[in-house]
Amino acid sequence: MALSAARANWIFLRILGVVYVVAFGSLAVQVVGLIGANGILPAHAYMDGARAFVAAQHIGIDRYRLLPTLCWIDASDAFLRALCIGGVVLALLLAAGLVPAIVLPLLWVDYLSLSAVAREFLSFQWDALLLEAAFLAIFVAPIAVHERWRTPVEPPRLGVWLMLWLVFRLMLGSGVVKLASGDPTWRNLTALTFHYETQPIPTPVARYAYQLPLWLQKTSTAATLAIELVAPFFILGPCVLRRVAVALLVGLQVMIALTGNYAFFNVLSAALCMYVLIDREASDVSRGKDAVVAPPIAARVRNWLLVAVAIVIVPVSATMFFARLGVALPTYPLVAPVAEAIEPLRSVNTYGLFAVMTTTRPEIVVEGSNDGATWEPYEFKYKVGDVRRPPPWVAPHQPRLDWQMWFAALGDAGSLPWFKHFNRRLLDGSPDVLRLLAGNAFADRPPRYVRAILYRYHYAPPDEHRRGVWWTRERLGDYMPVMSGQTGAATPVGRASSANGSR
(Lines give C-alpha, C1' and ligand atoms only; values in the text may rest on other atoms or scores of the structure.)
Protein backbone atom coordinates (compact mmCIF):
# COMPACT_ATOMS: atom_id res chain seq x y z
CA MET A 1 0.00 0.00 0.00
CA ALA A 2 1.38 3.38 -1.05
CA LEU A 3 0.14 6.57 0.56
CA SER A 4 0.63 10.18 -0.29
CA ALA A 5 2.08 12.35 2.46
CA ALA A 6 -1.28 14.10 2.79
CA ARG A 7 -3.20 10.83 3.21
CA ALA A 8 -0.66 9.34 5.62
CA ASN A 9 -0.82 12.50 7.70
CA TRP A 10 -4.63 12.39 7.63
CA ILE A 11 -4.67 8.82 8.95
CA PHE A 12 -2.07 9.46 11.63
CA LEU A 13 -3.83 12.52 13.03
CA ARG A 14 -7.13 10.62 13.28
CA ILE A 15 -5.43 7.78 15.18
CA LEU A 16 -3.61 10.31 17.36
CA GLY A 17 -6.99 11.80 18.23
CA VAL A 18 -8.27 8.38 19.29
CA VAL A 19 -5.12 7.77 21.34
CA TYR A 20 -5.62 11.09 23.09
CA VAL A 21 -9.25 10.16 23.84
CA VAL A 22 -8.05 6.94 25.46
CA ALA A 23 -5.20 8.62 27.35
CA PHE A 24 -7.32 11.40 28.83
CA GLY A 25 -10.35 9.16 29.37
CA SER A 26 -8.29 6.54 31.16
CA LEU A 27 -6.71 9.17 33.39
CA ALA A 28 -10.03 10.87 34.11
CA VAL A 29 -11.29 7.92 36.16
CA GLN A 30 -8.05 7.76 38.17
CA VAL A 31 -6.72 11.29 38.47
CA VAL A 32 -8.38 12.23 41.76
CA GLY A 33 -7.23 9.04 43.46
CA LEU A 34 -3.71 9.47 42.12
CA ILE A 35 -3.07 13.20 42.53
CA GLY A 36 -6.26 14.70 44.00
CA ALA A 37 -6.44 16.43 47.37
CA ASN A 38 -7.02 13.09 49.13
CA GLY A 39 -5.03 11.10 46.59
CA ILE A 40 -1.65 9.43 46.76
CA LEU A 41 0.49 12.35 45.55
CA PRO A 42 -1.69 15.48 45.88
CA ALA A 43 -1.05 17.93 43.09
CA HIS A 44 -2.05 20.92 45.21
CA ALA A 45 0.65 20.10 47.79
CA TYR A 46 3.19 19.72 45.01
CA MET A 47 2.24 23.08 43.53
CA ASP A 48 2.35 24.73 46.97
CA GLY A 49 5.91 23.45 47.32
CA ALA A 50 6.76 24.71 43.84
CA ARG A 51 5.41 28.19 44.64
CA ALA A 52 7.43 28.31 47.84
CA PHE A 53 10.55 27.22 45.98
CA VAL A 54 10.30 29.76 43.16
CA ALA A 55 9.58 32.50 45.69
CA ALA A 56 12.61 31.57 47.78
CA GLN A 57 14.84 31.35 44.70
CA HIS A 58 13.35 34.50 43.13
CA ILE A 59 12.49 32.60 39.95
CA GLY A 60 10.29 34.62 37.65
CA ILE A 61 8.74 33.60 34.36
CA ASP A 62 11.20 30.71 34.01
CA ARG A 63 9.01 28.81 36.49
CA TYR A 64 6.73 27.93 33.59
CA ARG A 65 9.58 26.22 31.79
CA LEU A 66 10.88 24.43 34.88
CA LEU A 67 7.39 23.20 35.73
CA PRO A 68 5.25 23.51 32.59
CA THR A 69 1.71 23.01 33.84
CA LEU A 70 -1.63 24.79 33.87
CA CYS A 71 -1.85 23.79 37.52
CA TRP A 72 -0.09 27.06 38.33
CA ILE A 73 -3.63 28.41 37.88
CA ASP A 74 -5.34 25.81 40.05
CA ALA A 75 -4.63 22.29 41.27
CA SER A 76 -8.00 21.41 42.78
CA ASP A 77 -9.77 18.14 42.10
CA ALA A 78 -12.28 19.95 39.91
CA PHE A 79 -9.50 21.51 37.82
CA LEU A 80 -7.72 18.16 37.39
CA ARG A 81 -10.97 16.59 36.22
CA ALA A 82 -11.53 19.53 33.88
CA LEU A 83 -8.10 19.00 32.32
CA CYS A 84 -8.94 15.36 31.64
CA ILE A 85 -12.45 15.98 30.34
CA GLY A 86 -11.28 18.94 28.30
CA GLY A 87 -8.61 16.71 26.81
CA VAL A 88 -11.22 14.17 25.75
CA VAL A 89 -13.30 16.88 24.06
CA LEU A 90 -10.30 18.32 22.24
CA ALA A 91 -9.21 14.82 21.19
CA LEU A 92 -12.65 14.15 19.69
CA LEU A 93 -12.29 17.34 17.64
CA LEU A 94 -8.91 16.14 16.41
CA ALA A 95 -10.30 12.72 15.50
CA ALA A 96 -13.03 14.50 13.53
CA GLY A 97 -10.45 16.65 11.72
CA LEU A 98 -11.77 19.93 13.10
CA VAL A 99 -9.36 22.88 13.46
CA PRO A 100 -6.37 20.58 14.09
CA ALA A 101 -3.85 23.44 13.99
CA ILE A 102 -5.56 24.92 17.06
CA VAL A 103 -6.53 21.70 18.81
CA LEU A 104 -3.11 20.00 18.71
CA PRO A 105 -1.18 22.66 20.68
CA LEU A 106 -3.96 22.71 23.29
CA LEU A 107 -3.85 18.92 23.62
CA TRP A 108 -0.08 18.94 24.03
CA VAL A 109 -0.21 21.64 26.73
CA ASP A 110 -3.03 19.77 28.49
CA TYR A 111 -1.22 16.42 28.63
CA LEU A 112 2.08 18.06 29.55
CA SER A 113 0.32 19.87 32.40
CA LEU A 114 -0.98 16.62 33.84
CA SER A 115 2.34 14.83 33.32
CA ALA A 116 4.23 17.53 35.20
CA VAL A 117 2.12 17.23 38.36
CA ALA A 118 1.37 13.49 38.21
CA ARG A 119 5.11 12.72 38.24
CA GLU A 120 5.64 8.94 38.68
CA PHE A 121 2.13 8.15 37.54
CA LEU A 122 2.62 9.69 34.08
CA SER A 123 6.27 8.82 33.57
CA PHE A 124 5.93 5.81 31.28
CA GLN A 125 7.50 5.55 27.83
CA TRP A 126 4.15 5.83 26.08
CA ASP A 127 3.49 9.11 27.90
CA ALA A 128 6.84 10.39 26.61
CA LEU A 129 6.09 9.07 23.12
CA LEU A 130 2.66 10.69 23.09
CA LEU A 131 4.10 14.07 24.08
CA GLU A 132 6.87 13.89 21.49
CA ALA A 133 4.67 12.62 18.65
CA ALA A 134 1.96 15.14 19.50
CA PHE A 135 4.46 17.99 19.63
CA LEU A 136 5.75 17.13 16.15
CA ALA A 137 2.16 16.74 14.97
CA ILE A 138 1.59 20.42 15.72
CA PHE A 139 3.90 21.23 12.81
CA VAL A 140 2.25 18.88 10.33
CA ALA A 141 -1.29 19.83 11.35
CA PRO A 142 -3.46 21.07 8.49
CA ILE A 143 -4.19 24.78 8.69
CA ALA A 144 -7.84 24.27 7.90
CA VAL A 145 -11.21 24.35 9.63
CA HIS A 146 -12.10 20.80 8.60
CA GLU A 147 -9.77 18.46 6.76
CA ARG A 148 -11.62 15.85 4.74
CA TRP A 149 -10.36 12.58 3.27
CA ARG A 150 -11.13 13.73 -0.25
CA THR A 151 -9.11 16.92 0.15
CA PRO A 152 -6.26 16.22 2.57
CA VAL A 153 -3.76 18.97 3.27
CA GLU A 154 -0.16 18.33 2.24
CA PRO A 155 2.13 18.44 5.31
CA PRO A 156 5.52 20.14 5.14
CA ARG A 157 8.20 17.73 3.99
CA LEU A 158 10.51 18.61 6.90
CA GLY A 159 7.72 17.72 9.33
CA VAL A 160 7.35 14.31 7.70
CA TRP A 161 11.09 13.72 7.99
CA LEU A 162 10.99 14.57 11.70
CA MET A 163 8.22 12.01 12.13
CA LEU A 164 10.34 9.41 10.33
CA TRP A 165 13.29 10.32 12.56
CA LEU A 166 11.09 9.64 15.59
CA VAL A 167 10.04 6.25 14.21
CA PHE A 168 13.67 5.38 13.50
CA ARG A 169 14.81 6.31 17.02
CA LEU A 170 11.88 4.58 18.66
CA MET A 171 12.33 1.26 16.91
CA LEU A 172 16.13 1.13 16.70
CA GLY A 173 16.53 2.36 20.27
CA SER A 174 14.34 -0.46 21.53
CA GLY A 175 16.74 -2.99 20.03
CA VAL A 176 20.06 -1.31 20.66
CA VAL A 177 19.52 -0.80 24.40
CA LYS A 178 18.83 -4.50 24.84
CA LEU A 179 22.27 -5.39 23.55
CA ALA A 180 24.06 -2.37 24.99
CA SER A 181 22.77 -3.19 28.49
CA GLY A 182 24.82 -6.39 28.50
CA ASP A 183 21.82 -8.32 29.82
CA PRO A 184 22.63 -12.03 29.33
CA THR A 185 19.03 -13.06 28.60
CA TRP A 186 19.00 -10.97 25.43
CA ARG A 187 22.45 -12.11 24.37
CA ASN A 188 21.70 -15.81 24.84
CA LEU A 189 18.20 -15.37 23.38
CA THR A 190 16.32 -16.54 26.49
CA ALA A 191 14.65 -13.19 27.31
CA LEU A 192 11.17 -14.26 26.18
CA THR A 193 11.32 -17.42 28.30
CA PHE A 194 10.97 -15.01 31.24
CA HIS A 195 9.07 -12.09 29.74
CA TYR A 196 5.64 -13.66 29.37
CA GLU A 197 5.58 -14.51 33.07
CA THR A 198 7.33 -11.48 34.55
CA GLN A 199 5.96 -8.53 32.54
CA PRO A 200 3.82 -5.98 34.45
CA ILE A 201 0.28 -6.97 33.45
CA PRO A 202 0.18 -9.99 31.14
CA THR A 203 -2.86 -10.96 29.09
CA PRO A 204 -4.39 -14.46 29.23
CA VAL A 205 -2.48 -15.27 26.03
CA ALA A 206 0.84 -14.71 27.80
CA ARG A 207 0.48 -17.90 29.82
CA TYR A 208 0.24 -19.99 26.67
CA ALA A 209 3.13 -18.11 25.04
CA TYR A 210 5.17 -18.88 28.15
CA GLN A 211 4.64 -22.61 27.54
CA LEU A 212 6.06 -22.57 24.02
CA PRO A 213 9.14 -24.80 23.50
CA LEU A 214 12.56 -23.32 24.17
CA TRP A 215 13.63 -23.38 20.52
CA LEU A 216 10.60 -21.29 19.56
CA GLN A 217 11.18 -18.87 22.44
CA LYS A 218 14.77 -18.35 21.30
CA THR A 219 13.66 -17.94 17.70
CA SER A 220 11.10 -15.33 18.79
CA THR A 221 13.73 -13.46 20.79
CA ALA A 222 16.10 -13.45 17.84
CA ALA A 223 13.29 -12.26 15.57
CA THR A 224 12.44 -9.43 17.97
CA LEU A 225 16.03 -8.23 18.02
CA ALA A 226 16.36 -8.56 14.25
CA ILE A 227 13.20 -6.53 13.63
CA GLU A 228 14.21 -3.76 16.04
CA LEU A 229 17.80 -3.59 14.83
CA VAL A 230 17.37 -4.04 11.08
CA ALA A 231 13.87 -2.97 10.02
CA PRO A 232 14.37 0.71 11.01
CA PHE A 233 17.05 1.02 8.35
CA PHE A 234 14.52 -0.09 5.72
CA ILE A 235 12.82 3.27 6.32
CA LEU A 236 15.62 4.83 4.29
CA GLY A 237 15.23 2.40 1.39
CA PRO A 238 12.95 2.12 -1.63
CA CYS A 239 9.20 1.66 -1.38
CA VAL A 240 9.29 -2.13 -1.22
CA LEU A 241 11.68 -2.10 1.76
CA ARG A 242 9.56 0.50 3.54
CA ARG A 243 6.52 -1.76 3.15
CA VAL A 244 8.51 -4.64 4.61
CA ALA A 245 9.56 -2.41 7.51
CA VAL A 246 5.96 -1.47 8.27
CA ALA A 247 4.82 -5.09 8.10
CA LEU A 248 7.55 -6.15 10.52
CA LEU A 249 7.24 -3.23 12.92
CA VAL A 250 3.45 -3.26 13.08
CA GLY A 251 3.43 -7.06 13.32
CA LEU A 252 5.77 -6.84 16.31
CA GLN A 253 3.46 -4.34 17.98
CA VAL A 254 0.49 -6.67 17.43
CA MET A 255 2.34 -9.57 19.04
CA ILE A 256 3.32 -7.43 22.01
CA ALA A 257 -0.28 -6.28 22.43
CA LEU A 258 -1.56 -9.86 22.34
CA THR A 259 0.60 -10.92 25.28
CA GLY A 260 0.85 -7.76 27.39
CA ASN A 261 -1.22 -4.72 28.39
CA TYR A 262 0.88 -1.72 27.39
CA ALA A 263 -1.75 1.00 27.36
CA PHE A 264 -1.80 2.90 24.05
CA PHE A 265 1.88 2.32 23.25
CA ASN A 266 1.31 -0.30 20.55
CA VAL A 267 -1.41 1.68 18.79
CA LEU A 268 0.61 4.88 18.77
CA SER A 269 3.78 3.11 17.63
CA ALA A 270 1.91 1.44 14.76
CA ALA A 271 0.23 4.72 13.81
CA LEU A 272 3.58 6.45 13.42
CA CYS A 273 4.44 3.86 10.78
CA MET A 274 1.93 5.55 8.46
CA TYR A 275 4.69 7.98 7.56
CA VAL A 276 6.93 5.09 6.53
CA LEU A 277 4.33 4.10 3.94
CA ILE A 278 4.56 7.43 2.16
CA ASP A 279 5.50 6.93 -1.47
CA ARG A 280 7.18 9.96 -3.04
CA GLU A 281 5.57 9.38 -6.41
CA ALA A 282 2.14 8.97 -4.85
CA SER A 283 2.73 12.12 -2.86
CA ASP A 284 3.59 14.09 -5.98
CA VAL A 285 0.49 12.79 -7.78
CA SER A 286 -1.82 13.65 -4.93
CA ARG A 287 -0.31 17.10 -4.69
CA GLY A 288 -1.65 17.81 -8.11
CA LYS A 289 -5.05 16.20 -7.62
CA ASP A 290 -6.84 15.91 -4.30
CA ALA A 291 -4.37 17.41 -1.86
CA VAL A 292 -4.57 21.07 -0.93
CA VAL A 293 -1.94 23.30 0.58
CA ALA A 294 -2.08 25.57 3.61
CA PRO A 295 -2.67 29.33 3.23
CA PRO A 296 0.61 30.94 2.10
CA ILE A 297 1.28 33.28 5.05
CA ALA A 298 0.33 30.72 7.72
CA ALA A 299 2.35 28.04 5.94
CA ARG A 300 5.38 30.32 5.73
CA VAL A 301 5.27 31.11 9.45
CA ARG A 302 4.85 27.43 10.31
CA ASN A 303 7.74 26.43 8.07
CA TRP A 304 10.08 28.88 9.79
CA LEU A 305 9.00 27.53 13.18
CA LEU A 306 9.50 24.00 11.90
CA VAL A 307 13.05 24.78 10.79
CA ALA A 308 13.81 26.19 14.25
CA VAL A 309 12.32 23.09 15.91
CA ALA A 310 14.36 20.78 13.67
CA ILE A 311 17.57 22.66 14.46
CA VAL A 312 16.97 21.87 18.13
CA ILE A 313 15.38 18.42 17.98
CA VAL A 314 17.71 16.62 15.57
CA PRO A 315 21.04 17.27 17.31
CA VAL A 316 19.55 16.93 20.79
CA SER A 317 17.78 13.66 20.04
CA ALA A 318 20.80 12.22 18.22
CA THR A 319 23.14 13.16 21.06
CA MET A 320 20.76 11.75 23.68
CA PHE A 321 20.38 8.55 21.66
CA PHE A 322 24.12 7.90 21.56
CA ALA A 323 24.65 9.08 25.13
CA ARG A 324 22.27 6.39 26.35
CA LEU A 325 24.51 3.86 24.62
CA GLY A 326 27.54 5.27 26.38
CA VAL A 327 28.85 7.10 23.30
CA ALA A 328 29.60 10.80 23.70
CA LEU A 329 29.36 12.57 20.34
CA PRO A 330 31.67 15.53 19.69
CA THR A 331 28.57 17.74 19.82
CA TYR A 332 27.76 16.73 23.40
CA PRO A 333 29.28 19.80 25.15
CA LEU A 334 27.24 22.10 22.89
CA VAL A 335 24.02 20.11 22.95
CA ALA A 336 23.90 19.14 26.63
CA PRO A 337 22.83 22.62 27.88
CA VAL A 338 20.09 22.77 25.25
CA ALA A 339 18.88 19.27 26.19
CA GLU A 340 18.79 20.28 29.84
CA ALA A 341 16.85 23.44 29.03
CA ILE A 342 14.10 21.64 27.09
CA GLU A 343 14.00 18.51 29.28
CA PRO A 344 11.00 19.72 31.35
CA LEU A 345 8.92 19.80 28.16
CA ARG A 346 9.28 16.00 27.89
CA SER A 347 9.10 16.16 24.11
CA VAL A 348 12.56 14.99 23.03
CA ASN A 349 13.12 11.54 24.48
CA THR A 350 15.01 8.27 24.27
CA TYR A 351 13.24 4.93 24.08
CA GLY A 352 13.87 1.29 24.86
CA LEU A 353 11.60 -1.02 26.83
CA PHE A 354 12.99 -3.98 28.81
CA ALA A 355 16.65 -3.19 28.26
CA VAL A 356 17.24 -5.56 31.18
CA MET A 357 14.79 -8.44 31.41
CA THR A 358 13.25 -9.21 34.79
CA THR A 359 13.70 -12.93 35.40
CA THR A 360 11.43 -13.31 38.45
CA ARG A 361 8.04 -11.93 39.39
CA PRO A 362 8.00 -10.31 42.84
CA GLU A 363 4.61 -8.94 43.82
CA ILE A 364 3.53 -6.80 46.76
CA VAL A 365 0.41 -7.79 48.69
CA VAL A 366 -0.89 -4.96 50.88
CA GLU A 367 -2.89 -6.06 53.92
CA GLY A 368 -4.89 -4.33 56.63
CA SER A 369 -5.76 -5.33 60.18
CA ASN A 370 -7.63 -4.03 63.21
CA ASP A 371 -5.91 -6.20 65.82
CA GLY A 372 -2.45 -6.83 64.34
CA ALA A 373 -3.17 -10.57 64.23
CA THR A 374 -5.80 -11.09 61.51
CA TRP A 375 -4.89 -9.56 58.18
CA GLU A 376 -7.06 -8.98 55.11
CA PRO A 377 -5.54 -8.26 51.67
CA TYR A 378 -6.40 -5.28 49.50
CA GLU A 379 -7.07 -6.66 46.04
CA PHE A 380 -6.05 -4.53 43.05
CA LYS A 381 -8.15 -4.36 39.92
CA TYR A 382 -5.62 -5.63 37.43
CA LYS A 383 -2.21 -6.45 38.87
CA VAL A 384 -1.42 -10.01 39.91
CA GLY A 385 -2.74 -10.86 43.37
CA ASP A 386 -5.43 -13.49 43.85
CA VAL A 387 -3.92 -16.69 42.44
CA ARG A 388 -7.28 -17.75 40.98
CA ARG A 389 -7.91 -14.56 39.07
CA PRO A 390 -6.93 -14.79 35.38
CA PRO A 391 -4.76 -12.07 33.80
CA PRO A 392 -6.95 -9.31 32.36
CA TRP A 393 -7.44 -7.62 29.02
CA VAL A 394 -7.18 -3.97 30.01
CA ALA A 395 -5.25 -2.04 27.30
CA PRO A 396 -5.53 0.62 26.00
CA HIS A 397 -6.68 1.71 29.46
CA GLN A 398 -3.75 1.91 31.87
CA PRO A 399 -4.30 1.28 35.60
CA ARG A 400 -1.44 3.48 36.71
CA LEU A 401 -1.33 2.46 40.36
CA ASP A 402 -1.21 -1.22 39.38
CA TRP A 403 1.72 -0.49 37.07
CA GLN A 404 3.61 1.40 39.75
CA MET A 405 3.11 -1.52 42.14
CA TRP A 406 4.99 -3.76 39.69
CA PHE A 407 7.95 -1.37 39.66
CA ALA A 408 7.79 -0.97 43.44
CA ALA A 409 8.21 -4.73 43.91
CA LEU A 410 11.54 -4.52 42.10
CA GLY A 411 12.87 -1.95 44.55
CA ASP A 412 12.65 -0.94 48.18
CA ALA A 413 9.73 0.74 49.95
CA GLY A 414 12.04 3.23 51.63
CA SER A 415 13.00 4.76 48.29
CA LEU A 416 9.39 5.23 47.16
CA PRO A 417 7.62 8.08 49.00
CA TRP A 418 4.46 7.53 46.97
CA PHE A 419 4.13 4.00 48.37
CA LYS A 420 4.13 5.30 51.95
CA HIS A 421 1.55 7.92 50.98
CA PHE A 422 -0.59 5.20 49.40
CA ASN A 423 -0.61 3.18 52.61
CA ARG A 424 -1.36 6.30 54.62
CA ARG A 425 -4.45 6.86 52.46
CA LEU A 426 -5.55 3.29 53.18
CA LEU A 427 -5.31 4.03 56.91
CA ASP A 428 -7.29 7.21 56.34
CA GLY A 429 -9.92 5.30 54.36
CA SER A 430 -9.66 7.74 51.44
CA PRO A 431 -12.59 6.96 49.11
CA ASP A 432 -10.71 8.41 46.14
CA VAL A 433 -7.78 6.03 46.59
CA LEU A 434 -9.97 3.05 47.47
CA ARG A 435 -11.79 3.49 44.15
CA LEU A 436 -8.51 2.57 42.46
CA LEU A 437 -8.73 -0.88 44.05
CA ALA A 438 -10.94 -3.86 43.31
CA GLY A 439 -12.35 -4.22 46.80
CA ASN A 440 -12.15 -3.03 50.39
CA ALA A 441 -12.43 -5.43 53.30
CA PHE A 442 -12.68 -2.44 55.65
CA ALA A 443 -15.75 -0.74 54.23
CA ASP A 444 -17.20 0.06 57.69
CA ARG A 445 -14.09 1.76 59.00
CA PRO A 446 -10.42 1.98 58.00
CA PRO A 447 -8.00 -0.55 59.47
CA ARG A 448 -5.74 0.33 62.40
CA TYR A 449 -2.68 -1.19 60.72
CA VAL A 450 -1.42 -1.86 57.21
CA ARG A 451 1.56 -3.85 56.03
CA ALA A 452 3.06 -5.02 52.75
CA ILE A 453 4.28 -8.56 52.10
CA LEU A 454 6.55 -9.55 49.23
CA TYR A 455 5.80 -12.74 47.28
CA ARG A 456 7.32 -14.42 44.27
CA TYR A 457 4.73 -15.55 41.72
CA HIS A 458 4.91 -18.22 39.02
CA TYR A 459 2.38 -19.52 36.54
CA ALA A 460 0.58 -22.49 38.03
CA PRO A 461 1.42 -25.91 36.58
CA PRO A 462 -1.11 -27.42 34.13
CA ASP A 463 -2.84 -29.69 36.65
CA GLU A 464 -3.57 -26.79 39.01
CA HIS A 465 -4.49 -24.50 36.12
CA ARG A 466 -7.18 -26.97 35.09
CA ARG A 467 -8.69 -26.48 38.57
CA GLY A 468 -8.88 -22.72 38.03
CA VAL A 469 -5.55 -21.70 39.56
CA TRP A 470 -3.52 -19.28 37.43
CA TRP A 471 -0.62 -18.55 39.78
CA THR A 472 1.38 -20.07 42.61
CA ARG A 473 3.33 -17.94 45.03
CA GLU A 474 5.91 -18.14 47.78
CA ARG A 475 6.34 -15.63 50.54
CA LEU A 476 9.71 -13.85 50.57
CA GLY A 477 9.18 -11.67 53.62
CA ASP A 478 8.03 -8.21 54.65
CA TYR A 479 8.22 -5.43 52.09
CA MET A 480 7.17 -2.58 54.40
CA PRO A 481 7.04 -2.40 58.22
CA VAL A 482 3.63 -2.38 59.84
CA MET A 483 2.18 1.12 59.74
CA SER A 484 -0.24 2.32 62.39
CA GLY A 485 -3.25 4.47 61.65
CA GLN A 486 -3.37 5.94 65.12
CA THR A 487 0.16 7.25 65.59
CA GLY A 488 1.50 7.15 62.05
CA ALA A 489 4.45 5.18 63.35
CA ALA A 490 6.00 2.26 61.55
CA THR A 491 6.95 -0.85 63.47
CA PRO A 492 10.31 -2.10 62.16
CA VAL A 493 10.06 -5.57 60.73
CA GLY A 494 13.06 -7.28 59.15
CA ARG A 495 12.67 -8.65 55.64
CA ALA A 496 12.60 -12.42 55.90
CA SER A 497 14.34 -14.52 53.32
CA SER A 498 12.42 -17.73 53.89
CA ALA A 499 10.04 -19.13 51.30
CA ASN A 500 7.16 -21.09 52.70
CA GLY A 501 5.37 -21.92 49.47
CA SER A 502 2.07 -20.30 50.53
CA ARG A 503 -0.47 -19.36 47.92
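The values are calculated or read from the model by the stated rules, or taken from the named source; none is laboratory data. Keep in mind that this is a model prediction, so the values were computed, not measured. Because the Cβ atoms are built from the backbone with ideal geometry, glycine has one as well, and the counts that use them run over all protein chains shown. Each accessible area value is taken on the protein alone, full model and side chains, heavy atoms only, with ligands, DNA and RNA left out. Shrake-Rupley method; radii C 1.70, N 1.55, O 1.52, S 1.80 Å.
Filter the stretch 126-142 for residues that are surrounded by 19 or more Cβ atoms within 10 Å (Cβ to Cβ) and part of a helix (DSSP H, G or I) and give the result. Even if it seems obvious, please write down each step before you answer.
If we filter the stretch 126-142 for residues that are surrounded by 19 or more Cβ atoms within 10 Å (Cβ to Cβ), which is where we start, we get 126-127, 129-142.
Of everything in the stretch 126-142, those that are surrounded by 19 or more Cβ atoms within 10 Å (Cβ to Cβ) and part of a helix (DSSP H, G or I) turn out to be 126, 127, 129, 130, 131, 132, 133, 134, 135, 136, 137, 138.
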| query | Out of all the residues in the stretch 143-152, is one or more crowded, with 22+ Cβ neighbours inside 10 Å, over 24 Å from residue 253 (Cβ atoms) and either touching a strand residue (DSSP E or B) at 6+ places or on another chain (Cβ under 8 Å) or modelled with pLDDT of 95 or more (or both)? | reply | yes
| remark: Counting only residues that are modelled with pLDDT of 90 or more, of a type in the set (Gly, Ala, Ser) and surrounded by 15 or more Cβ atoms within 10 Å (Cβ to Cβ), the stretch 300-328 contains a total of 3
| query | Which of the following residues is within 25 Å of residue 434 (Cβ to Cβ), at pLDDT 95 or above and surrounded by 15 or more Cβ atoms within 10 Å (Cβ to Cβ): 34, 92? | reply | 34
| Any idea how many residues of the stretch 378-428 are in contact with a Pro (Cβ under 9 Å, 6 or more places away or on another chain), part of a loop (DSSP other than H, G, I, E, B) and under 17 Å from residue 454 (Cβ atoms)? | 5
| request: For the stretch 21-29, indicate whether the set of residues that are over 19 Å from residue 115 (Cβ atoms) and touching a helix residue (DSSP H, G or I) at 6+ places or on another chain (Cβ under 6 Å) is non-empty. | output: no
| request: Could you please give the count of residues in the stretch 153-190 that are charged (D, E, K, R) and surrounded by fewer than 19 Cβ atoms within 10 Å (Cβ to Cβ)? | output: 3
| helices (runs of 4 or more DSSP H) (entirely within the stretch 151-229) containing at least 1 residues that are among the β-branched types (Val, Ile, Thr) and touching a residue at least 60 places away in the same chain (Cβ under 8 Å) | 157-180, 184-187, 191-198
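Yes/no per residue for (1) in contact with a helix residue (DSSP H, G or I) (Cβ under 7 Å, 6 or more places away or on another chain); (2) modelled with pLDDT of 95 or more; (3) open to solvent by 30 Å² or more (accessible area, probe 1.4 Å):
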| residue | (1), (2), (3) |
| --- | --- |
| 47 | yes, yes, no |
| 62 | no, yes, yes |
| 82 | no, yes, yes |
| 85 | yes, yes, yes |
| note | All-but-one check, residue 297 against (1) at pLDDT below 95; (2) assigned to a helix (DSSP H, G or I); (3) open to solvent by less than 60 Å² (accessible area, probe 1.4 Å), failing number (3)
| query | Failed condition for residue 359, given (1) in contact (Cβ under 8 Å) with a residue 24 or more places away in the chain; (2) open to solvent by 60 Å² or more (accessible area, probe 1.4 Å); (3) β-branched (Val, Ile, Thr); (4) out of contact with any helix residue (DSSP H, G or I) (no Cβ under 8 Å at 6 or more places or on another chain), with all others met? | reply | (4)
| remark: Considering the stretch 469-503, residues that are modelled with pLDDT of 95 or more and not in a strand (DSSP E or B), and then whichever is least open to solvent (accessible area, probe 1.4 Å), we arrive at 469
| Restricting attention to the stretch 252-279, and to residues there that are in contact (Cβ under 8 Å) with a residue 12 or more places away in the chain and surrounded by fewer than 19 Cβ atoms within 10 Å (Cβ to Cβ), which single residue is nearest to residue 196 (Cα to Cα)? | 258
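Name the one entry in 223, 245, 231, 206 that is under 21 Å from residue 357 (Cα atoms), among the small types (Gly, Ala, Ser) and open to solvent by less than 40 Å² (accessible area, probe 1.4 Å). Even if it seems obvious, please write down each step before you answer.
Values: 223 fails: open to solvent by less than 40 Å² (accessible area, probe 1.4 Å); 245 fails: under 21 Å from residue 357 (Cα atoms); 231 fails: under 21 Å from residue 357 (Cα atoms).
When all the criteria are applied, what remains is 206.
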